[in-house]
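Please read the structure below before turning to the comments.
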Amino acid sequence: MINMGKIEQSNITETLSAVPATASVPRHVAIIMDGNGRWAKKRSLPRIAGHKKGMDTVRSAIETCAEAGVEYLTLYAFSSENWKRPDDEVSGLMGLLRHYVVKELGELHKQGVRLRFIGRLEGLAEDIQDILKSAEKRTENNSKLTVIIALNYGARAELIDAFKDLLDKVDEGQIKADELDEEAISKSLYTKDFPDPDLIIRTSGEERLSNFLLWQSAYAELIFADELWPDFDKKCLLNAFQTFSKRERRFGARL
Ligand code: FPP
C-alpha cells in the first residue's frame, strides 16, 4: 500500500499556496540535520552558534510539517558517534536539548505535538532522561503531529538492541525462532510505534545515511539538499515535499 497522506483542502494554508492541491505529502518525514558547524564557520562563530540557529529551523520544520498534514517527523539530533566531538560542543548540544524541551514544551503541546524520543536514552544524563520522560507523558494524547527526536541514536545499535529483544522473546516463548519475520523485527525496534519513513532528507550536500534508520529506510525516498540545516527554511522543506510528490514509488513492484 502506498504510505502517503493527501493534503486536504482545509490544511492548505497561505504558505502552502505554491503546492498544488492534489500534491501528496509524505506521511513520515525523517531529517538528517547536517551543516550547523559549516554555517557557523562561514560566519566565524563557534559551532554551538550553528546548532542554536539550527534550533530555529527545527521550530520552522515542525510548524511546516503540522500545516502540511505530515503525521510523523523524525529528527536526527545526536548520534551515538557525536560523543566523539569536543566536550564543549557535546555539553552545548545537551544544554540546547534541555532548554528546548523544558522551555518549548508548552508551545509544542499547544500545537498538538506528541513528542517521542528514540535511541539509547539510558546513555544520557539522568536529569535529561527525566525531562524527556515527562515531555513524552505530557504530550502522549496529542495527535496533530508526532515529533520523534533521535538522541544517542545509531541504527546498528538499534538493530543489536532489537536482536537482543527478539532473543528474549524467543526464550520467553512469545515467538518461535522459525516464525521470525520482518514484522517481528520492526516490532522490536525503537520505532515500533511508528510507520517507516516515506521521505528522508539530508541537508548540506552530503549524500549518506550515516547510520540513521537503516532498517526503516528500505523503501524511503531520499532527498539530498544543498542548503546547510540553519538555512533550510520553510520554502526548502516545501520544495522537498514537491519533489517527493513527483517520485514514482513502486515498493519493488512493477506498476
Ligand atoms: C549536524 O551538523 C548537526 C548535529 C550533530 C546536531 C543537530 C542539532 C540541532 C539542530 C539542535 C538540537 C536539536 C533538537 C531537536 C533538540 P554538524 O555539526 O555535523 O555540521 P557540519 O557537518 O557542518 O560540521
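The values are calculated or read from the model by the stated rules, or taken from the named source; none is laboratory data. Since the structure is predicted, the reported quantities are computational estimates derived from the model, not experimental observations. Using ideal geometry, Cβ is built from the backbone for each residue, glycine included, and neighbour counts are taken over all protein chains shown. With ligands, DNA and RNA removed, areas are computed over all heavy atoms of the protein, side chains included. Shrake-Rupley method; radii C 1.70, N 1.55, O 1.52, S 1.80 Å.
Using a probe of 1.4 angstrom and keeping all protein chains present, the accessible surface of the chain works out to 52 square angstrom per residue.
Residues whose amide H lies under 5 Å from that of Leu75, counting only those 5 or more places away or on a different chain, are Ile31, Ile148, Ile149, Ala150; hydrogens are built 1.01 Å from N in the peptide plane. Computed about the Cα centre, the dipole magnitude for the stretch 101-255 is approximately 640 debye when only Lys and Arg (+1) and Asp and Glu (-1) carry charge, each at its Cβ. When you count the other C-beta atoms within 10 angstrom of each residue and take the mean per peptide, 227-235, 180-188 line up highest first as 227-235, 180-188. Phi angles across the stretch 116-128 convert, under the Karplus curve 6.51 cos²θ - 1.76 cosθ + 1.60 with θ = phi - 60°, into 3J(HN,Hα) values of 9, 10, 10, x, 7, 5, 5, x, 8, 4, 4, 5, 5 Hz, Gly and Pro given as x. I need the calculated FRET efficiency for the pair Lys133 and Arg208, taking r as the beta carbon distance and R₀ as 35 Å, to the nearest 0.05. Step by step, r from the Cβ atoms, then E = 0.65. Peptides 127-137, 84-94, ordered by how many other C-beta atoms sit within 10 Å of their residues on average, highest first, read 127-137, 84-94. Distances longer than 25 Å among the Cα atoms of the chain: what percent of all pairs is that? I get 46 percent for the Cα pairs in the chain exceeding 25 Å.
For the stretch 63-137, averaging the sequence separation of C-alpha pairs within contact (under 8 Å, six or more residues apart) and dividing by the residue count gives a relative contact order of 26 percent. At 37 °C and a viscosity of 0.692 mPa s, what translational diffusion coefficient does Stokes-Einstein give for the stretch 114-243, taking Rh as the Kirkwood radius over Cα pairs? Give it in µm²/s as a whole number. Value of D from the Cα-based Kirkwood radius: 195 µm²/s.
Given their separation in residues at 0.36 nm each and the Cα-Cα distance between them, Asp193 and Gln174 gain 5.0 nm when the chain is fully extended. Projecting the Cα atoms of Phe241, Gly252, Leu213 onto the dipole axis of the stretch 213-255, where Lys and Arg carry +1 and Asp and Glu carry -1 at the beta carbon, places Gly252 farthest toward the positive end. The length gained on full extension between Ala125 and Val102, counted as 0.36 nm times the residue separation minus their Cα-Cα distance, comes to 6.8 nm.
Listed values for the stretch 142-148 are Karplus-derived 3J(HN,Hα) couplings in whole Hz (6.51 cos²θ - 1.76 cosθ + 1.60, θ = phi - 60°), namely 6, 9, 5, 8, 9, 9, 10, and x replaces Gly and Pro.
Taking the centroid of alpha carbons for each part, the stretch 102-166 and the stretch 65-79 are 13 Å apart.
From most to least packed by mean Cβ count within 10 Å, the peptides 68-80, 241-253, 100-112, 203-215 give 68-80, 203-215, 100-112, 241-253.
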